[in-house]
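All remarks here apply to the structure that follows.
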Amino acid sequence: MRFEIVTLFPELFDALHVGLLGKAIESSRVEVVTHNPRDYATDKHRSVDDAPYGGGDGMLMMPGPVIDALEALDAARSGPTHRVLMTPQGRRFDQATARRFAAMPSLTLICGRYEGFDER
């Protein structure tokens, strides 16, 4: 199984390479690859966030760098993947979901930060 994780903080996932999951990675049963949307930002500051449209508190993830990262992953991948956008507003992750995901050959996890994603 291949996990592609789109995150602003790829170093947070280094801990996956230890313990039982680390052994699965070493034996090539599982592959974990992180991708930073900041690498796909186009401005000189590599910005990935912006203020909410119409005002309000917090910052939102800009869709451009995330979409560009996903398109680059699609171009490099040989098969299909299932995408999961991680947000507090989504469905709860439970054992049934874990079983369903475990049956998939590839899973792309898109990790949200800040107040969420710009939905315009």
Query raised in the report: Out of curiosity, is D50 among the charged types (D, E, K, R) and either under 13 Å from the mean Cα position of the chain (by Cα) or surrounded by 10 or more Cβ atoms within 10 Å (Cβ to Cβ) (or both)?
Result: yes
Query raised in the report: Just for segment 19-42: of the residues that are in a strand (DSSP E or B) and of a type in the set (A, V, I, L, M, F, W, C), which one is nearest to P65 (Cα to Cα)?
Result: V33
**Report entry** Single condition H82 does not satisfy, out of (1) over 17 Å from M1 (Cα atoms); (2) surrounded by 12 or more Cβ atoms within 10 Å (Cβ to Cβ); (3) not aliphatic (A, V, I, L, M)
**Finding:** (1)
Query raised in the report: Only one of these conditions is not met by T42: (1) at pLDDT 95 or above; (2) more than 14 Å from the chain's Cα centre (by Cα). Which number is it?
Result: (1)
**Report entry** Residue match in segment 77-89 (condition: among the β-branched types (V, I, T) and not in a loop (DSSP other than H, G, I, E, B))
**Finding:** yes
Report summary line: Just one listed residue, out of L107, L73, is at pLDDT 95 or above, within 13 Å of the chain's Cα centre (by Cα) and under 17 Å from E4 (Cβ atoms), and it is L107
Query - Neighbours by Cβ (under 7 Å, 6+ apart or cross-chain): first from segment 2-25, among the acidic types (D, E); second part of a helix (DSSP H, G or I) - result: E4/L73
Query raised in the report: Are there any pairs with C-beta distances below 8 angstrom linking a residue in segment 77-90 that is more than 9 Å from S106 (Cβ to Cβ) to a residue that is loosely packed, with under 10 Cβ neighbours inside 10 Å and not basic (K, R), with the two at least 6 apart or on different chains, and if so which?
Result: none
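The values are calculated or read from the model by the stated rules, or taken from the named source; none is laboratory data. All values reported here derive from a predicted model rather than from experimental measurement. Reconstructed Cβ throughout: ideal geometry from the backbone, glycine too, with neighbour counts over all protein chains shown.
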